[in-house]
Structures are given as structure tokens and as C-alpha cells.
Amino acid sequence: MSTSVARDLEMPRPSRGRGAKKVAILGAKLLVTGACFWYVSRQIDLNQVLSAIPLLDFRWAALATLVAILEIPLSGLRWYNIVDALGARDKQMTRVAMIAATAVGMFFAQVLPSVAGEGVRAWLLVRLGSEWRNAVTSAVIDRGVGVGLLIAIGFVVLLLPSGLTALGGYRDVVLLVYGTLILAGALGLLLAPKIVPPLARWRYSRWFATLAADVHRVLLGSKGPVILSMGCLIHALTIVIVWSVGRAQGLPLPLPDAAVLFTIMIGVVIVPISIGGWGLRELAVISLLASYGVAPEIALLFSVCFGLALAAGSLPGALVWLLYPFVPAQRPAEHRA
């Protein structure tokens, strides 16, 4: 840490340049989000959207929020097992502490770009005694597990007998892309021990080689089945959230259709070109449901309610941020200094 601080003090211009770059990226994402909502606003009657809000069954909306809250401890336990599999768990990194850090990260991911949530999680893990490398690696693997399982579940979902699986005629293309990604990921995971040594010899690919070795150790180790099972359960709960939001609007949404919508909405959210997927998700949902006779106003309200359920489900993270004592780990060298 002291080395990085000294480097920042010695090279202020690059630091300012990095800050300006982050501001520019944030501004671009805000622009994309705003442009998406502007485009949506030209296709809908806002009065119809507002008139549909009092008709919502808020009991189902409350259930969706509750399920979103239940995902927090599961996500924290998945991350806990990843850190444990890396052999990087300190005595302060208890299950409760990891769940608390996850809750804070999920809250910041809702109010800021999702990468900020991952950064907060890694920072809190460092406060609990982890090295920065292990903290960042564990957060990257945790997010990668979520994305990888999303692609795998999406591939299976698109094979189900659902009216939405046609995806406006793009089903075969999506299946081909998902299948290719799954095959590439599986081969990369199995062949990691063979590809890591050559990559480790090259300076610019050394970090990727180390990450590949860590992923192989985590997912194919004794903790792998637990980590993957928790990831599948979290995605299953998100499908329940989609289904509950549909019930809140009185939409006859079977679970296979809810699973298809889950694949689309969460898949759009992980594309890092808008703020938390807002705007882009609404465009995707309106386009998908329009082919099946759902009015754009209803589709927009559905997508917004889903986003609000996730946002409301992350609010416990704000309380944890204010109340939970993330006591920094005591390091002997720092303590004597």
C-alpha cells in the first residue's frame, strides 16, 4: 500500500488522467441510459404507465423484494467459499463478515456502476485482512461464476417449450453464441494446467495465467460443487423475482417465460454500457414482449418494477454500511509503525 501511495504522489498527472477517464466512462454510461429512456419515452403513453401503478398487487412486489434480500446471504456464502478455496481466508473473514461485505457491495452496485460494487467488496475484504491481489481475484472469480452460470442457464432455458424462446427470430443465433461460450469456458477450465505455464512466462499475460490457475483450483476443487450450487440457487431465486413481478401486474407469466425474461434482463445488466443496466433493460423487455402482444407501457412498468425490486432488496446493505464495524485487521509491521 505504501508503495502505491508513493507512486501516486510521484506521478500526479497519470492519476488525474485515470480520474478523468473514469469520469468520462461514467458520463458515457449516463448518456446511454438517458438515450435509452428518451427512446422509450417516444414509444409509450406515460399516462397509461402512471394509471397502471395503482393496479399493482404490492403483496407480490413485496415478495419479490424479500427474495432479493434472501439472495444477499447466499451471495456472501458463495464468496466466502471462493476465498476459502483460494486459501486466502483470515480469521476475521467470518461468514457474517463476508455476508456483510456482500450486502454493502450489492447496495453500491445499485446506486453506482456495478464495478464500483465489486471494488467496495474487495476493499472491505482488505480491511478484514486480505491482500489486495486475493481480494480482487476472489471478487473477479465470484462475478465470473455468476456470469458463466447465467450463460449456461440461458442456454438451457432457450431449449424449453416457451413462447418467448423464439427471441424474435434470433433464438438460433443466441444458442450458437451461448454454446460457443460454454464450450470455450469448459475447455479453458480443463486445460488451465497446460496453458498456465506458457502464459506465465510472458510478462503481459502473467496476471491472466495466475487468475486461470486460481479459477481452476476453485471450481475443480472440493468447494467447487458448493460454489456452483449456490450460484444456480441465486439465479433460480432471480427467476422467482421475475415471476413475482409479473404476478404483481396480473401478467399470466409461466415459469419458463419468467426464465427467458430473466436471461434477457440479467444478460443486459451485465453489459457495462449503462448505469446498472437501466434503460438498456427496458428497451430489451419492450422489444421482446412487443412480439407477443404486450403493450409497451406494461412492458416498461414490468422492467422498472423488476429493477426497483432489486434496488429495494439491496437497501439492507446501506444499513450494514452504516452499522457494521469492519474493523481493520492488525498487521504487526503497521502496528509498530
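The values are calculated or read from the model by the stated rules, or taken from the named source; none is laboratory data. Everything quoted here is computed from the prediction, not taken from an experiment. Methodologically, a virtual Cβ is constructed for each residue, glycine included, from the backbone with ideal geometry; neighbour enumeration extends over all protein chains shown. The protein model used for the area step is the full one, side chains on, heavy atoms only, and it has no ligands, DNA or RNA in it. Shrake-Rupley method; radii C 1.70, N 1.55, O 1.52, S 1.80 Å.
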- Task: Sort segment 102-142 into rounded, prolate or oblate with this rule: let a ≥ b ≥ c be the square roots of the eigenvalues of the Cα gyration tensor; rounded if a/c is under 1.5, and if a/c is not under 1.5, prolate when a/b is larger than b/c, oblate otherwise.
- Result: prolate
- Query: When ligands, DNA and RNA are left out and all protein chains stay put, how many square angstrom of accessible area per residue does the chain have with a 1.4 Å probe?
  - Reply: 53
- segment 66-125: radius of gyration over Cα atoms, expressed as a fraction of 2.2 N^0.38 Å: 1.08
- When the helices in the chain are scored as -39500 (n - 2.57) per DSSP H run of 4 or longer and the sum is shared across all residues, what 222 nm value do you end up with, to the nearest 500 deg cm²/dmol? -25500 deg cm²/dmol
- Among Ile195, Ile273, Ile82, the residue with the largest mean-square fluctuation in a Gaussian network model of the chain built from Cα contacts under 10 Å is Ile195
- Query: Under a point-charge model restricted to the Cβ atoms of Lys and Arg (+1) and Asp and Glu (-1), what is the dipole moment magnitude of the chain relative to its Cα centre, in debye to the nearest 20?
  - Reply: 1280
- Message: Using a Cα-Cα cut-off of under 18 Å, which aspartates and glutamates could be cross-linked to Lys21, ignoring same-chain neighbours fewer than 8 residues away?
- Response: Asp8
- Per 20 Å bin, what is the whole-percent P(r) computed from every C-alpha pair distance within the chain? 27, 57, 16, 0
- Query: Which one of Leu56, Tyr292, Leu261 is farthest out on the positive end of the charge dipole of the chain, using unit charges on Cβ (Lys, Arg +1; Asp, Glu -1) and the Cα centre as origin?
  - Reply: Leu261
- Item | ³J(HN,Hα) computed for each position of segment 70-79 - Karplus, 6.51 cos²θ - 1.76 cosθ + 1.60, integer Hz, glycine/proline x | 5, 5, 4, x, 5, 5, x, 5, 5, 5
- Note on the structure: With +1 on the Cβ of every Lys and Arg and -1 on the Cβ of every Asp and Glu, the dipole magnitude of segment 62-185 about its Cα centre, in debye rounded to the nearest 20, is 200
- Note on the structure: Ordering 234-241, 43-50 by per-residue average of other C-beta atoms within 10 angstrom, highest first, gives 234-241, 43-50
- Message: With unit charges on the beta carbons (Lys and Arg positive, Asp and Glu negative) and the dipole taken about the Cα centre of the chain, which residue among His235, Phe302, Ser205 sits farthest to the positive side?
- Response: Ser205
- Note on the structure: Computed about the Cα centre, the charge dipole of segment 104-256 from +1 Lys/Arg and -1 Asp/Glu charges at the Cβ has a magnitude in debye, to the nearest 20, of 400
- For the chain, modelled as a GNM with alpha-carbon contacts under 10 angstrom, which of Leu164, Leu187, Leu233 fluctuates the most? Leu187
- In angstroms, what radius of gyration and Dmax does segment 179-303 have, counting Cα atoms only? 19.4, 59
- Please sort by residue number the chymotrypsin sites (Phe, Trp or Tyr not before Pro) in segment 249-321 whose DSSP state is loop and whose Cβ has at most 13 other Cβ atoms within 10 Å. Tyr292
- Item | Principal axis box of segment 45-92, alpha-carbon based, largest edge first, Å | 56, 22, 15
- Per residue, how much space in cubic angstrom lies within the convex hull of the C-alpha atoms of segment 24-143? 121
- Accessible-area composition of the chain, carbon plus sulfur, in percent [1.4 Å probe]: 70
- Item | Diffusion coefficient, µm² s⁻¹, Stokes-Einstein with Kirkwood Rh over alpha-carbon pairs of segment 74-171 at 4 °C and 1.567 mPa s | 88
- Message: Looking at the calculated P(r) for segment 248-337, what percent of the C-alpha pair distances fall above 17 Å?
- Response: 61
- Query: Under a GNM of the chain (C-alpha, springs under 10 Å), which listed residue has the highest mean-square fluctuation: Trp79, Trp60, Trp202?
  - Reply: Trp202
- Query: Which of Met93, Ala184, Gly154 sits farthest toward the positive end of the charge dipole of the chain, with +1 on the Cβ of Lys and Arg and -1 on the Cβ of Asp and Glu?
  - Reply: Met93
